[in-house]
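One structure below.
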Amino acid sequence: MSWLELLNNLETGAVRAASQDENGQWQANIEVKQGILEAFKNGTNTEFPGGFVDKDNLAPRGFSAEDNVRMVPGGTSVRRGAYVAPGTIIMPPAYVNIGAFVDVGTMVDSHALVGSCAQVGKNVHLSAAVQLGGVLEPIGASPVVIEDDAFIGAGCVIVEGVVVKKGAVLAPGVRLSATIPVYDCVNERQLDKGEPIPENAIVIPGSRPSSSAWGREQGLSMSCALIVKYRDEQSDASLALEEVLR
């Protein structure tokens, strides 16, 4: 498949930068990422209306009413090679980068970033200033994945291939990376490194004592995330998405 065919197929959702295996584990599609890098290699910097410069083959996408995507005016950009499903709402300014996948009924709020190759499921709410990290290199690295019905609070930062499972809720300001520990206060355990945020978990920002004796003597603490409960009827009601907005 040529890089041009790949970009077209990414935009229709025919191919994705990552997929789940038979065990439900997310794996990067190396051939897709190689094709995206090939597109960069074959592009030439050119001037676009509005005074910006980018590769001539990676111009921002346009949408029509038939696409059933609401991209509200005010500085939003969806880059070539990104998939945005019908029923998606994108508030300004927001950015959806190449190789990203945004599924049906998702809200991408103001100042949110869906990084390169990030995978976002159905009926997800990405609140204002959410940052989903992108990954093109190293070629085998898995992207950030947000599964169906997750709610990501304002200002959350999720990077380094973290997976947030179905229905999970991240409170505003949660930071998740490969090195930030996550403590499940309900089941009284620390998640293993690289373990996904569990389904329906409700996660808040937390802190823990410094790992060094000197740091503890100074009263220093380090960032972590805390699972404080799992979704129930009361929390579901408070997170109900307004269909009228869609």
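The Cα-based radius of gyration of segment 50-161, divided by its Kirkwood radius, gives an Rg/Rh of 0.95. Size check on segment 72-119: the Cα extents along the three principal axes, sorted descending, read 23, 18, 14 Å.
In square nanometres, what is the average projected area of the Cα convex hull of segment 95-204?
6.0
When the solvent-accessible area of segment 98-246 is split by element, carbon and sulfur atoms take up 53 percent of it, the probe being 1.4 Å.
In segment 84-144, one over the average inverse separation of all distinct C-alpha pairs is 11.3 Å, which is the Kirkwood hydrodynamic radius.
Across segment 88-183, C-alpha contacts under 8 Å between residues 6 or more apart give a mean separation that, scaled by the residue count, equals a relative contact order of 20 percent. Looking at segment 1-84, the accessible area is 59 square angstrom per residue; that uses a 1.4 Å probe and ignores ligands, DNA and RNA. When nucleic acids and ligands are ignored and a 1.4 Å probe is applied, Lys166 ends up with an accessible area of around 100 Å². For the chain, relative contact order (Cα pairs under 8 Å, six or more residues apart, normalised by length) works out to 11 percent.
Of all the stretches in the chain, which is the longest one without any exposed loop site, taking GluC sites (Glu not before Pro) in a DSSP loop (any state but H, G, I, E, B) with at most 14 other Cβ atoms within 10 Å?
So the longest stretch without any such site is 23-187.
For segment 176-246, averaging the sequence separation of C-alpha pairs within contact (under 8 Å, six or more residues apart) and dividing by the residue count gives a relative contact order of 34 percent.
If you take the Cα centroid of segment 174-224 and the Cα centroid of segment 38-106, the two points sit 35 Å apart. Structure remark: mean-square fluctuation, Gaussian network model of the chain, C-alpha springs under 10 Å; the largest value among Leu58, Leu136, Leu220 belongs to Leu220. For the chain, a Kirkwood hydrodynamic radius built from all Cα pairs, placed in the Stokes-Einstein relation at 10 °C and 1.306 mPa s, yields a translational diffusion coefficient of 84 µm²/s. Test of understanding: in a Gaussian network model of the chain with alpha carbons linked when under 10 Å, which of Ala201, Ala168, Ala65 would top the mean-square fluctuation ranking? The residue with the greatest mean-square fluctuation here is Ala65. Among Gly134, Gly206, Gly215, which one shows the biggest mean-square fluctuation in a GNM of the chain, springs joining Cα atoms closer than 10 Å? Per the Cα network of the chain with a 10 Å cutoff, Gly215 tops the list. Any chance you could give the angle, 0 to 90 degrees and rounded to 10, that helix 30-42 forms with the longest Cα principal axis of the chain? Between helix and principal axis, roughly 50 degrees. So in the chain, what percent of DSSP beta bridges are antiparallel if you round to the nearest 5? In the chain, approximately 35 percent of DSSP beta bridges are antiparallel ones.
The values are calculated or read from the model by the stated rules, or taken from the named source; none is laboratory data. All values derive from a computational prediction rather than experimental measurement. Note that we place each Cβ from the backbone using ideal geometry, even for glycine, and neighbour counts take in every protein chain shown. When the accessible area is computed, the model is the full protein with side chains, heavy atoms only, and any ligands, DNA or RNA have been set aside. Shrake-Rupley method; radii C 1.70, N 1.55, O 1.52, S 1.80 Å.
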